[in-house]
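The block underneath contains the structure these notes are about, expressed in structure tokens.
The values are calculated or read from the model by the stated rules, or taken from the named source; none is laboratory data. Just so you know, these numbers come straight off a predicted model, no measurement behind them. Neighbour counts are summed over all protein chains in view; Cβ atoms, including those assigned to glycine, are modelled from backbone coordinates with ideal geometry.
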Amino acid sequence: MITFNELNLNAKIIQAIEELGFEQATEIQEQAIPYLLESDNDLIALAQTGTGKTAAFGIPILEQIDTSIKDVQTIVLCPTRELCMQLAKDLVSFSKYMKGLQILAVYGGTPISGQIKDLKKGPQIVVGTPGRTLDLINRKKLNLSNIRFVVFDEADEMLSMGFKDDMDAILEVTPDEKQVLLFSATMPKEIAKMASRYMEDPFEISIGHKNTGSSNVEHQYYDVPGRRKYEVLKRLADLNPSIYGIIFCRTRAETKDIAEKLGRDGYSADAIHGDLSQAQRDIVMNRFRNRNIQLLVATDVAARGIDVDDLTHVINYNLPDEIATYVHRSGRTGRANKFGVSIVLLSGRDRSKLGLLERKIGRQIQKMKVPSGKDVCRVQLLQLMDKVRDVEVSEDIEEYLEVINEKFEGFSREELIQKFISLEFNRFLSYYKDADDLNAKSKKDRYKDRMDDKRNRRKDRRERRDRGRFEEARGRYDRFYINLGEKHDVNPGKILELINRQTKGHSVDVGQIEILSGFSFFEVPSDFTPIILQSFKKAKYNGFAVVVQPSNPKPEKAKMKRKKKRSFKEDDRKKSKRKKKKG
């Protein structure tokens, strides 16, 4: 690795970087920074989250920004509000000593009027989410005619969230003479198509192999009965007393349930999910970033854009529906040349995905044994001993030594150690006394596991179907039926893309999406219900007429089929009557 001093950077940028504690460039920075300083060609950079991509494109852009011009010269697009704010914050840190430079973050979930006011001040760099950026362009408040750099950060995530049309529309209003920089963790076909359409002979940098996980992450799985997952989760948390990680669940209800159970059992945990308002979400995330929370329980949708350093573990309570999402999940740990662990609690239907998962990340996922109660107690005891050994003794304790000695007169050294350790440790000894072996699975266990898995599937569907009304600061969500499903080759990303295309300019916040065989369901805040109903009139998908309606009424398509069946029977009866008359 080379140092930033060896990259011939502006002294003011070097000063800011050194104050942030950075000395050596990461692999992506080492390759991207010199290239972008010397070349005007487009760039595709493939690297995992946490490898230093912001500095890889941010530093060379800052080097080339003309602070005397009050036009927007760089637009950086990223998928979520959180990532948008983090990117802008990082760029401000890198440019701390650059006079005359203004950086503005624009995103949804906050009044647009304030951002319009800030745009009038003439920022040279704008970092935005696609929806809000396009909204500002359509209002003629954001002018990209003098853009020199267009950056897509987490491009694969933006596509999976359905922002393709927004990204296309933004690129359409930029000048031909510009440099397009595309940073992504994976390289799906949609990224390749986008590159071929909007980039000219792009140079490609790939850190590791395409679409694979970070080499700094150890991948493990535990094969356990579904009904005992929570016990295994607790045991793993106890085995890693310094754990600082994210637990990924499939549904909102599950995140709430797991977080509440962990809290009741004395663990430092909280949840983020789609039912939280932005203010509530910000409070939870600030607590997590400040390490007031050790375990954050989240859905994939809610966790998008989370940028937290030094995570030790990512725990997949359930595997994601899209295998590529696992790459993003695991990439949240093992960052900045540190090592992390990605754990999968494997049960039920998830077992069939293991082979696909290993092929996706390009390595074997190691099977682990669930630790025994004695294993956990040994680890906890050693940690307690380390705490006692390393504790700083206050000088004020001396005045109490005489009383202390009197209290413990007659006790041997061994007896005192046992008593002090037991004071803290008895809870673990009691809890793990005669603890079950969670690795042992009889035929009866496997049968119960299958039955539990079926019940959980039905429960998931029931929760999604019956959850219609809930009141939060963000308001009520409405659920919609759409006549597109797996047989129409759609997935959550394509449903999102279709919604964004049909509701162009409205930045609709889409909640839970459920894909079934011949149709699907999706949720949006009730404020957007009129927009959804109006926007999907005469909508088509690959030439197929799309029907979208509130999920409570019976689908129109089903009604039509029943009418046709009845009309066919009526025709048959009429024909038979005519034959009898002729006879």
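Is it fair to say ILE495 is in contact with a His (Cβ under 9 Å, 6 or more places away or on another chain) and either of a type in the set (Phe, Trp, Tyr) or modelled with pLDDT of 85 or more (or both)?
So ILE495 fails the test.
Taking the residues in segment 113-131 that are in a helix (DSSP H, G or I) and out of contact with any Lys or Arg (no Cβ under 7 Å at 6 or more places or on another chain) as candidates, determine which candidate is surrounded by the fewest Cβ atoms within 10 Å (Cβ to Cβ).
SER113
Working only within segment 132-169, note down all residues that are buried (at least 23 other Cβ atoms within 10 Å of the Cβ) and either at pLDDT 90 or above or charged (D, E, K, R) (or both).
Once the filter is applied, which keeps residues that are buried (at least 23 other Cβ atoms within 10 Å of the Cβ) and either at pLDDT 90 or above or charged (D, E, K, R) (or both), segment 132-169 yields THR133, LEU134, LEU142, VAL150, VAL151, PHE152, ASP153, GLU154, ASP156, GLU157, ASP166.
Residues SER330, SER347, SER342: which one is closer than 20 Å to SER160 by Cα, among the hydroxyl-bearing types (Ser, Thr, Tyr) and surrounded by 20 or more Cβ atoms within 10 Å (Cβ to Cβ)?
SER330
Looking at this structure, is GLY518 surrounded by fewer than 19 Cβ atoms within 10 Å (Cβ to Cβ) and modelled with pLDDT under 85?
Here the answer is yes, as GLY518 does meet what is asked.
Which of the residues spanning segment 238-264 are under 21 Å from the mean Cα position of the chain (by Cα), of a type in the set (Gly, Ala, Ser) and under 15 Å from ILE315 (Cα atoms)?
Of everything in segment 238-264, those that are under 21 Å from the mean Cα position of the chain (by Cα), of a type in the set (Gly, Ala, Ser) and under 15 Å from ILE315 (Cα atoms) turn out to be GLY245, ALA259.
Residue-by-condition table, conditions (1) among the small types (Gly, Ala, Ser); (2) modelled with pLDDT of 80 or more; (3) farther than 24 Å from MET161 by Cα:
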residue: GLY263; (1), (2), (3): yes, yes, yes
residue: TYR267; (1), (2), (3): no, yes, yes
residue: ILE272; (1), (2), (3): no, yes, no
residue: ASP275; (1), (2), (3): no, no, no
residue: ILE293; (1), (2), (3): no, yes, yes
residue: ASP309; (1), (2), (3): no, no, no
residue: PRO320; (1), (2), (3): no, yes, no
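Answer yes or no as to whether ILE293 is assigned to a strand (DSSP E or B) and either within 24 Å of ALA47 (Cβ to Cβ) or touching a strand residue (DSSP E or B) at 6+ places or on another chain (Cβ under 6 Å) (or both).
Taking the combined requirement at face value, the residue does not satisfy it.
For segment 17-55, name all the residues that are of a type in the set (Gly, Ala, Ser) and surrounded by fewer than 20 Cβ atoms within 10 Å (Cβ to Cβ).
Residues satisfying the conditions are GLY21, SER39.
If you scan segment 78-112, which residues turn out to be within 19 Å of GLU157 (Cβ to Cβ), touching a residue at least 60 places away in the same chain (Cβ under 8 Å) and surrounded by 17 or more Cβ atoms within 10 Å (Cβ to Cβ)?
Matches in segment 78-112: CYS78, PRO79, THR80, ARG81, GLU82, LEU83, CYS84, GLN86, LEU87, GLY108.
For the condition within 26 Å of GLU231 (Cα to Cα) and not small (Gly, Ala, Ser), what is the one hit in ARG363, ARG359, ARG351, ARG413?
Result of the check over ARG363, ARG359, ARG351, ARG413: ARG351.
Between a first residue in segment 22-37 that is under 21 Å from ALA185 (Cβ atoms) and a second residue that is hydroxyl-bearing (Ser, Thr, Tyr) and not in a helix (DSSP H, G or I), which pairs have beta carbons less than 6 Å apart while being 6 or more apart in sequence or on different chains?
THR26/THR51; ILE28/THR51
Before we move on, is VAL232 closer than 30 Å to GLN73 by Cβ and either surrounded by fewer than 22 Cβ atoms within 10 Å (Cβ to Cβ) or at pLDDT 90 or above (or both)?
In short, no.
Could you please let me know if ASN500 is out of contact with any His (no Cβ under 8 Å at 6 or more places or on another chain), surrounded by fewer than 20 Cβ atoms within 10 Å (Cβ to Cβ) and not hydroxyl-bearing (Ser, Thr, Tyr)?
Against the criterion (out of contact with any His (no Cβ under 8 Å at 6 or more places or on another chain), surrounded by fewer than 20 Cβ atoms within 10 Å (Cβ to Cβ) and not hydroxyl-bearing (Ser, Thr, Tyr)), ASN500 does not qualify.
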